Amino acid sequence: MKIGVLSDTHLISVTEDFKKMLKGQFSDVDMIIHGGDMTSVAVYDYLSNWDLKAVRGNMDDHDLGSLLPVKRVELIMGKKIGIIHGRGSPHTIEDVVFGEFRDVDIIIFGHSHAPANKKRGGVIMFNPGSYRGSYSHKGTVGMIEIDKSGEITFRHIEV
């Protein structure tokens, strides 16, 4: 199973660059997980062409707010994956999102725009970073692969 992971796309509409990135980097994914801050329902509608699991972020418009949960847990190939955008300072976000879930294998989050791949208390904490980047980080997306034996690999892709 190959999962494309996005967060903090911050797009008002679906741009040609965004479409090109998805066709290039996510051409063979089985699913897309979005960790919030799409910012418009147009992006949600476009990403719904894939098997999409998404949560709302603090910058998402009212329409997205009514469509998406604040957090969710998905069982994917035997792995419990918690998905949440996050809130607060980038310095404490991992504490905040870690405290939101019990008994998960992976937590996917966003908000800080900083790519992360860390293990905490047996839980893998994965932030794909921001599609558009930030003042201190280039634009990144994530890829998670889970093989039939349950082995998981995580990587960040610069876009």
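Read-outs throughout are calculated quantities, based only on the coordinates presented, and are distinct from any laboratory measurement. Predicted model, so just to flag it, every value in this text is computed and none were measured. Counting neighbours? That spans all protein chains shown, and the Cβs are built from the backbone with ideal geometry, glycine included.
Going through 18, 126 one at a time, which residue ends up being part of a strand (DSSP E or B) and surrounded by 15 or more Cβ atoms within 10 Å (Cβ to Cβ)? None of the others qualify; the one that does is 126.
Have a look at 38, 31 and point out the one that is at negative phi and touching a strand residue (DSSP E or B) at 6+ places or on another chain (Cβ under 6 Å). If you could, list the steps in order and put the result at the bottom.
On the way: 38 fails: touching a strand residue (DSSP E or B) at 6+ places or on another chain (Cβ under 6 Å).
Selected residue: 31, the only one of 38, 31 that is at negative phi and touching a strand residue (DSSP E or B) at 6+ places or on another chain (Cβ under 6 Å).
Filtering region 129-151 down to residues that are under 16 Å from residue 77 (Cβ atoms) and buried (at least 19 other Cβ atoms within 10 Å of the Cβ), which residue is farthest from the chain's Cα centre (by Cα)?
In the first step, residues of region 129-151 are kept if they are under 16 Å from residue 77 (Cβ atoms); the result is 143-151.
Now restrict to residues that are buried (at least 19 other Cβ atoms within 10 Å of the Cβ): 144, 146.
On the way: 144: 10, 146: 16 Å.
Restricting to residues being under 16 Å from residue 77 (Cβ atoms) and buried (at least 19 other Cβ atoms within 10 Å of the Cβ), the top hit is 146.
Checking the stated criteria, residue 86 turns out not to satisfy the condition of being in contact (Cβ under 8 Å) with a residue 60 or more places away in the chain and assigned to a loop (DSSP other than H, G, I, E, B).
Results for (1) of a type in the set (Lys, Arg); (2) more than 21 Å from residue 155 (Cβ to Cβ), shown as yes or no for each residue.
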residue: 78; (1), (2): no, no
residue: 81; (1), (2): no, no
residue: 87; (1), (2): yes, yes
residue: 104; (1), (2): no, no
residue: 116; (1), (2): no, no
residue: 119; (1), (2): yes, no
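Is it fair to say residue 95 is within 25 Å of residue 135 (Cβ to Cβ) and not in a strand (DSSP E or B)?
Numbers: within 25 Å of residue 135 (Cβ to Cβ): yes; not in a strand (DSSP E or B): yes.
In short, yes.
Restricting region 1-15 to residues that are hydroxyl-bearing (Ser, Thr, Tyr) and surrounded by 15 or more Cβ atoms within 10 Å (Cβ to Cβ), the residue that is farthest from residue 113 (Cα to Cα) is 9.
Note on region 31-43: residues that are surrounded by fewer than 22 Cβ atoms within 10 Å (Cβ to Cβ), more than 9 Å from the chain's Cα centre (by Cα) and within 19 Å of residue 127 (Cα to Cα) total 2.
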